[in-house]
Amino acid sequence: YRLEGEVKAKNIPLTRTTMGNWFKYVVENFFVHIYTVMKEELLKLPVINADETVTQVLHEPGRKATTDSRMWVYAGETPDGKNISLFQYAPTRNGDNAVNFLGDYSGYYVCDGYDAYNKLKKATRCGCWAHVRRKFVDALRNKPKLTENPNALPPPEDKEPESASEKAIWYINKLFALEHIYSGEEPEYHENGKFRRWVRVREPLTPEQKKEERQKRSKPVLEAFYAWLE
């Protein structure tokens, strides 16, 4: 719409319909091949992240414009550090959409607690710690609201909280803090001693080094957390 107005001001008769047809042509004849190759590479990865979000489509046949549709996204990182993110539109939130996209994928996929992902039979489903933590935060409705962003959380104090919900959050925050350290970051504080932010002070660990450190430092936190839960 804006481009149409800009070129019209320059006396160029270029309509939105023409530009839309150009885009459709490029997608069908060029972009689809790039998408296909990216999908092939994505499905080779050992770990894939999956999620879906609400979207609405105007003038979709047989559906009101206010009807909720879904945009599914699948993402992963290649061994050489390149990110692949692919979107797939679907009119519903049915788990068959994930099955149709991932097919016989047999690696690990990280997602939220939505049970539709259980339709994937060969892949190993992994949960998300931010989603786990959110449930314990919700249990503290009568407490001051805790920050949700793991990137903004200070390292937890050594003193264990007394309430059950706060103690669960304390364990998970320990895991988040370790991930910052593995990424080469250290906490920075204001002059009054209040936490300010995490700052990159060294190169991040390699994936192999991260795995080694997680086995050495994160695993004991997990084992203690699970023992406490039991």
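The values are calculated or read from the model by the stated rules, or taken from the named source; none is laboratory data. Being a predicted model, the structure only gives us computed values, none of them experimental. Glycine also receives a Cβ, built like all others from the backbone with ideal geometry; neighbour counts cover every protein chain displayed. These area figures cover heavy atoms from the full protein model, side chains too; ligands, DNA and RNA do not enter into them. Shrake-Rupley method; radii C 1.70, N 1.55, O 1.52, S 1.80 Å.
The table below gives the values:
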{"item": "Counting DSSP beta bridges with both ends in the chain, the antiparallel % (nearest 5)", "result": "75 percent"}
{"item": "Structure-derived percent of Cα pairs over 24 Å apart: which label, when the choices are [x] 46; [y] 63; [z] 58", "result": "[y]"}
{"item": "Whole-number percent relative contact order across the chain, with pairs defined as alpha carbons under 8 Å at least 6 apart", "result": "10 percent"}
{"item": "Cα pair distances in segment 58-166, grouped into 5 Å bins until the bin that holds the longest one, percent each", "result": "2, 8, 14, 16, 14, 13, 13, 11, 6, 2, 1, 0"}
{"item": "Between 0 and 90°, nearest 10: helix 164-182 axis offset from the chain longest Cα axis", "result": "70 degrees"}
{"item": "Distance in nm between pseudo-label sites at T92 and H59 (7 Å out along the Cβ direction from Cα)", "result": "2.7 nm"}
{"item": "Qualifying aspartates and glutamates (Cα of each under 13 Å from Cα of K121; at least 8 residues distant if same chain)", "result": "D96, D104"}
{"item": "Expected 222 nm ellipticity per residue - DSSP helices of 4 or more, -39500 (n - 2.57), all of the chain, to 500", "result": "-11000 deg cm²/dmol"}
{"item": "Sulfur and carbon atoms: percent of accessible area, the chain [1.4 Å]", "result": "54 percent"}
{"item": "Segment 89-170: trypsin sites (Lys or Arg not before Pro) in DSSP coil with no more than 11 other Cβ atoms inside 10 Å", "result": "K121, K122, R141, K145, K159"}
{"item": "Violating pairs (Cα-Cα greater than 26 angstrom) within the set K174/K194; K82/K211; K119/K211; K122/K174; K39/K219", "result": "K119/K211; K122/K174; K39/K219"}
